[in-house]
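Participant: Input: one structure, supplied below.
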Amino acid sequence: MEQLKTIGRELAMGSQGGFGQSKEFLDLVKSIGEARSKAEEDRIVLREIESLKRRIVEPGIPKRKMKEYIIRLVYVEMLGHDASFGYIHAVKMTHDDNLVLKRTGYLAVTLFLNEDHDLIILIVNTIQKDLKSDNYLIVCAALNAVCKLINEETIPAVLPQVVELLGHSKEAVRKKAIMALHRFYHKSPSSVSHLLSNFRKKLCDSDPGVMGATLCPLFDLITNDANSYKDLVVSFVSILKQVAEHRLPKAYDYHQLPAPFIQIRLLKILALLGSGDKQASEHMYTVVGDIFRKCDSSSNIGNAVLYECICCVSSIHLNPKLLEAAADVIARFLKSDSHNLKYMGIDALGRLIKLSPEIAEQHQLAVIDCLEDPDDTLKRKTFELLYKMTKSSNVEVIVDRMIDYMISINDNHYKTEIASRCVELAEQFAPSNHWFIQTMNKVFEHAGDLVNIKVAHNLMRLIAEGFGEDDDTADSQLRSSAVESYLHIIGEPKLPSVFLQVICWVLGEYGTADGKFSASYITGKLCDVAESYSSDETVKGYAVTALMKIYAFEIAAGRKLDILPECQSLIEELSASHSTDLQQRAYELQAVIGLDVRAIGSIMPSDASCEDIEVDKSLSFLNGYVEKSLEKGAQPYIPENERFGMVNISNFRNQDQLEVTSHGLRFEAYELPKPSVQSRTPPISVASSTELVPVPEPSYYRETPQTAPVPSSSDTGPSGLKLRLDGVQKKWGRPTYSSSSASTSNSSSLKVVNGATQVDGVSSGNSKTHETSYDSRRPQVEISEEKQKLAASLFGGSSKTERRSSTGHKVAKASSHASEKLHTSKSTTIYSTDNAVEKPNLVQPPPDLLDLGEPIVASSAPSVDPFRQLEGLLDSAQDPGTFGGTKAPDFMALYAETPAGGRSAGVAPPLSLNRDGDNLIPGLSNASSNTVHGGTTVTNPSQISKGPNVKEALEKDALVRQMGVTPSGQNPNLFKDLFG
Amino acid sequence: MIRFILLQNRQGKTRLAKYYVPLEDSEKHKVEYEVHRLVVNRDSKFTNFVEFRTHKVIYRRYAGLFFSLCVDITDNELAYLECIHLFVEILDHFFSNVCELDLVFNFHKVYLILDEFILAGELQETSKRAIIERMGELEKLELKSQAILSAKLTRRTVESRSQFRLPSPSLSPLVAA
């Protein structure tokens, strides 16, 4: 018995019906198949790896054995373990002369290596040699490897040979050569740009397989540039016609349908070519109509072709008859029980709905069914359809549905997507302000931090600007309904940060505007927020600023300020905060409260968030002051580059350049402080600065209006008080320049702050405080150059900002569609100011740090985030530009060149293209007759047994049992036929 | 374009994996894990399509095996569903009544078949007969070369043992020690 088993096993392994590998390997596969846990499987594989490592380096391994080792390596790698120790052996195997070994080697390297692996260089040579081989099977194997392993750099090494193989006598080689070229085109379009005409030629290959393969690269080419291929429309239509009329060899039939995969590809191409081209479309109507009629709708593949027909019809120039046929098919899809067909139906409906919205009406119920289906894929497809058919009449229902669904899912990726769709629809079609606010609340509440911060800014802007109508009452209604709903929501636990920011901003800006709620009520709520989200600094920052606004409005309105004890303690707590930003805000708040009505009115005008900010770049308001000082004998100001005649530096400091550079990160170190500066520092500054600190000065304010009517107001901020004398003394020496510029920077930032970006902006004030107090302690101003840069960048930033934001406003008024665009510009505004404002912080580090020199300061100071965001924003804003500007022309040039060249070359005059089309018919039919003949003679290997063959299955089962591989309990289906 | 093809059983064991886009190893494991999780618990009545990151996975179950194709979002789902079926039909003819075990033990041949069917992420040949014929040729060649190889092997071992025996074309030498 035992003996019999052994014999059986040996037989099994020996015969090709068996598995042709050693017992050892079979055992490995078996034990892994039976492994009960992942850990056990891993142990087995690790053991296998150890043994392979040892054995594969043994000298004199028989080749057959080596082949098995390589296959075992593939197996190990497939199971997710690292087999890199054996890659080199696989590479070596590709060098072998024996075809089978070579193929195994190629198979292994294509599975092991990526195109940028170091070992590729060792294979390229072999590939080159093999591409020239007489044996077409070797060429095929090499081409398989080419498709996977050749990267952009190595394309030139094999390109000539691959092109040559397009004319090979074996169709299998031609086909693979086409695919390889297609692959090259993907990798680097320019490398094959001169060869594109080959694809056209190969379309008329005598072998339908080659023709089918050629459709892949042509599809890509036409996707990129349909116009250069319009001449092929006739050819494609005639091919499709022949295919549909069953003139290809029977071997291409699939489920009784003639070459359906080729039909689908052709339909895709026609859809591209006919899009927006009436003339081209007219060629297609007949053939597409024929396919609609002929196609068998009982099989999956038939429906796949029908679906592709619908896509084609929806893309090409409208034809009512075809549209009708398409609508019929859609009706059939939607009525079907198969979820797959329903899915396709919904998708197709989404395509046709643009052309004739009434089609959807008859399918309402089917669509609703799909929407309520438990299958997520179908549901999402349906939401996509709904998204496409949203109008102002149905927006409420659709968005409600979407939100319900959004609440129910956990998939963050899709949640984000559907949230942004809700927002988009709500902005576009909102029937009422109240609804809009409610909807946005829900979106924020449930999708919370997944919502893009842009959306939040957008919402703030919308609330601030209203819906673009000039109806003020509507706007204020919108605001009060927002305030009301936020006060309602604010008590709920665990609100997302983004939402809280919006809430705080709106409450700060409009909380007391309609007089419904008292300041103390709202400030109380804001304090609650700041306390319960104490770990979120951004929210706290928003809350404090909102408090400041409310107090400011109260004072401006002449009401008595009533600061709640909890607010008081919050402010005190924050003024000792570790976050400099929060500290600044707290100090600012305290300073603002101490000011009089007039001052506050100009720092914090109520409801001025939408007003543009004028920045006086030349500091003209100081002119009077300057003149006065000059009369008193002060030194006139000398621009820095004149003071140090260094060319490169002065170049760098050039104002214009700075405007450009200020937006990006700086990679150069700041210059070291000039020793000369210290010696030049006027001694007076010491005296003046000591004076500076404690002055609580309304006097300054009274003074300034005459000299500086507009922007001075900003200087009244907490910092402004201390700035005054600072300005006087330093205006004339080097240091002055810096501080005066800083003060203006302050003005711009503060004002912008009043706009959409309260948080980001306010920080400047406090930094100022620090700066000045620091100055007072240390009179030498070593960093003044840096400040100068800051000032310059600040101005650059703010002036630019203005332009942008004002255009932005226009856009907003013009259409809400453009809101996205506006948004980018708006947020650029935000960040560029932010950017500018951040910079004063550079000046802030404790004195001892300064001694280390500027570079350190520079690198440590900017809080990276806003910069990065700024970059991102700029990028995205530029994106469309780069697309249109660089890419498109590139492609155009590519195509414009080649076909023209091809035609005028003389070898293939324009006529030949048409001729090609005609040739196709005899060529193809020829091929078909040939293959039919061949088919009858060479059917041996492929003699096909249909249906489950019991005898064979039993035999196999017995054989496997003999080998000792028993089906494990874990996987009872192991032996079941896949079709069973 | 096809991004990758996965054959997995119900336990999530990978029976075959072929990637047409370069991915890091760790990324591959993640993908295999995620795809398995996506498809394994779906109701048989549900659609055979699932969104997967920015692509979609078309899957089909045969006995205990899941065949999953990851394709672009714009691709025709039904066509790829049938493409899976065509692949299984080819396997079925090649192995005559294919079962999971055939694929487990002959995964390298499955790879070769796949290479004749799909190349660089596109269907290169849709004729079942053409593929089966090509594989038949390769099989024959393999047999022949194995015979040659093993003959060489026998001769060498024979020589090393300095015994005299004719190189035998019989099957027994194919069985490894």
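Conditions (1) buried (at least 23 other Cβ atoms within 10 Å of the Cβ); (2) more than 33 Å from the chain's Cα centre (by Cα); (3) within 14 Å of chain B (Cβ to nearest Cβ), marked per residue:
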residue: A:Ile264; (1), (2), (3): yes, no, yes
residue: A:Glu282; (1), (2), (3): no, yes, no
residue: A:Asp290; (1), (2), (3): no, yes, no
residue: A:Arg293; (1), (2), (3): no, yes, no
residue: A:Val305; (1), (2), (3): yes, no, yes
residue: A:Phe333; (1), (2), (3): yes, yes, yes
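Participant: Here's a follow-up. What residue, of A:Ile301, A:Ile330, A:Ile316, is within 30 Å of A:Lys230 (Cβ to Cβ), of a type in the set (Val, Ile, Thr) and out of contact with any His (no Cβ under 9 Å at 6 or more places or on another chain)?
Facilitator: A:Ile316
Participant: Sticking with this one: Counting residues that are more than 10 Å from chain B (Cβ to nearest Cβ), modelled with pLDDT of 85 or more and under 39 Å from the mean Cα position of the chain (by Cα), which helices (runs of 4 or more DSSP H) fully inside the stretch A:4-115 reach at least 2?
Facilitator: Qualifying helices (runs of 4 or more DSSP H): A:38-56, A:63-78, A:87-94, A:99-112.
Participant: Failed condition for A:Ser534, given (1) without any contact (Cβ under 8 Å) to a residue 24 or more places away in the chain; (2) over 27 Å from A:His446 (Cβ atoms), with all others met?
Facilitator: All conditions pass for A:Ser534, except number (2).
Participant: Inspect all residues belonging to the stretch A:435-448 and state whether any of them is surrounded by fewer than 18 Cβ atoms within 10 Å (Cβ to Cβ) and without any contact (Cβ under 8 Å) to a residue 40 or more places away in the chain.
Facilitator: Scanning the stretch A:435-448, I find at least one residue that is surrounded by fewer than 18 Cβ atoms within 10 Å (Cβ to Cβ) and without any contact (Cβ under 8 Å) to a residue 40 or more places away in the chain, so the answer is yes.
Participant: Quick one: would you say B:Lys109 is closer than 30 Å to A:Arg351 by Cα and either within 9 Å of chain A (Cβ to nearest Cβ) or surrounded by fewer than 23 Cβ atoms within 10 Å (Cβ to Cβ) (or both)?
Facilitator: When the stated conditions are applied, B:Lys109 does not pass them.
Participant: Related question: So A:Ile138 passes all but one of these: (1) within 14 Å of another protein chain (Cβ to nearest Cβ); (2) of a type in the set (A, V, I, L, M, F, W, C); (3) buried (at least 22 other Cβ atoms within 10 Å of the Cβ). Which condition number does it fail?
Facilitator: (3)
Participant: For the stretch B:1-49, how many residues are in contact with a helix residue (DSSP H, G or I) (Cβ under 9 Å, 6 or more places away or on another chain), within 17 Å of B:Leu81 (Cα to Cα) and of a type outside the set (D, E, K, R)?
Facilitator: Adding up the residues that qualify gives 11.
Participant: May I pose another question? Looking at A:Asp373, A:Asp400, A:Asp347 in this structure, which one is within 21 Å of B:Asn76 (Cβ to Cβ) and acidic (Asp, Glu)?
Facilitator: A:Asp347
Participant: Among (1) touching a strand residue (DSSP E or B) at 6+ places or on another chain (Cβ under 6 Å); (2) assigned to a helix (DSSP H, G or I), which single condition is B:Ile113 missing?
Facilitator: B:Ile113 satisfies every listed condition except (1).
Participant: A further question on this structure: Filter the stretch B:16-27 down to residues that are in contact with a Lys or Arg (Cβ under 8 Å, 6 or more places away or on another chain) and not aromatic (Phe, Trp, Tyr) and give me whichever is farthest from the other protein chains (Cβ to nearest Cβ).
Facilitator: My answer is B:Val21.
Participant: Okay, next question. Suppose we filter B:Asp92, B:Asp75, B:Asp102 for residues that are modelled with pLDDT of 90 or more and within 9 Å of chain A (Cβ to nearest Cβ); which single one remains?
Facilitator: B:Asp92
Participant: Okay, next question. Would you check which residues across the stretch A:255-279 are under 23 Å from B:Thr74 (Cα atoms) and in contact with a Leu (Cβ under 8 Å, 6 or more places away or on another chain) and list them?
Facilitator: A:Ala259, A:Phe261, A:Ile262, A:Gln263, A:Arg265, A:Leu266, A:Leu267, A:Ile269, A:Leu270, A:Leu273
Participant: Restrict the check to the stretch A:435-446 and report whether at least one residue is aliphatic (A, V, I, L, M), more than 14 Å from chain B (Cβ to nearest Cβ) and closer than 19 Å to A:Glu509 by Cα. Steps first, answer last, please.
Facilitator: Taking the stretch A:435-446 first, the residues aliphatic (A, V, I, L, M) are A:437, A:440, A:443.
Checking which are more than 14 Å from chain B (Cβ to nearest Cβ) leaves us with A:437, A:440, A:443.
Subsequent filtering for residues that are closer than 19 Å to A:Glu509 by Cα retains A:437, A:440.
Scanning the stretch A:435-446, I find at least one residue that is aliphatic (A, V, I, L, M), more than 14 Å from chain B (Cβ to nearest Cβ) and closer than 19 Å to A:Glu509 by Cα, so the answer is yes.
Participant: Turning to a different aspect of this structure: Filter the stretch A:249-262 for residues that are facing chain B (nearest Cβ under 9 Å) and not in a helix (DSSP H, G or I) and give the result.
Facilitator: Once the filter is applied, which keeps residues that are facing chain B (nearest Cβ under 9 Å) and not in a helix (DSSP H, G or I), the stretch A:249-262 yields A:Pro249, A:Asp253, A:Tyr254, A:His255, A:Ala259.
Participant: Could you figure out which of (1) of a type outside the set (Gly, Ala, Ser); (2) more than 9 Å from every other protein chain (Cβ to nearest Cβ); (3) part of a helix (DSSP H, G or I) isn't true of A:Lys268?
Facilitator: (2)
Participant: Any chance the stretch B:42-54 includes a residue that's touching a Leu at 6+ places or on another chain (Cβ under 6 Å), under 30 Å from A:Leu306 (Cα atoms), at pLDDT below 90 and among the small types (Gly, Ala, Ser)?
Facilitator: No - not one qualifying residue is present in the stretch B:42-54.
Participant: While we're here: Taking the stretch B:28-70 only, how many residues are surrounded by 23 or more Cβ atoms within 10 Å (Cβ to Cβ), within 10 Å of chain A (Cβ to nearest Cβ) and not in a strand (DSSP E or B)?
Facilitator: Summing the residues that are surrounded by 23 or more Cβ atoms within 10 Å (Cβ to Cβ), within 10 Å of chain A (Cβ to nearest Cβ) and not in a strand (DSSP E or B) in the stretch B:28-70 gives 2.
The values are calculated or read from the model by the stated rules, or taken from the named source; none is laboratory data. Quantities reported herein were computed from a predicted structural model and do not represent experimental measurements. Don't worry about glycine lacking a Cβ; one is built from the backbone with ideal geometry, like all the others, and counts go over all protein chains shown.
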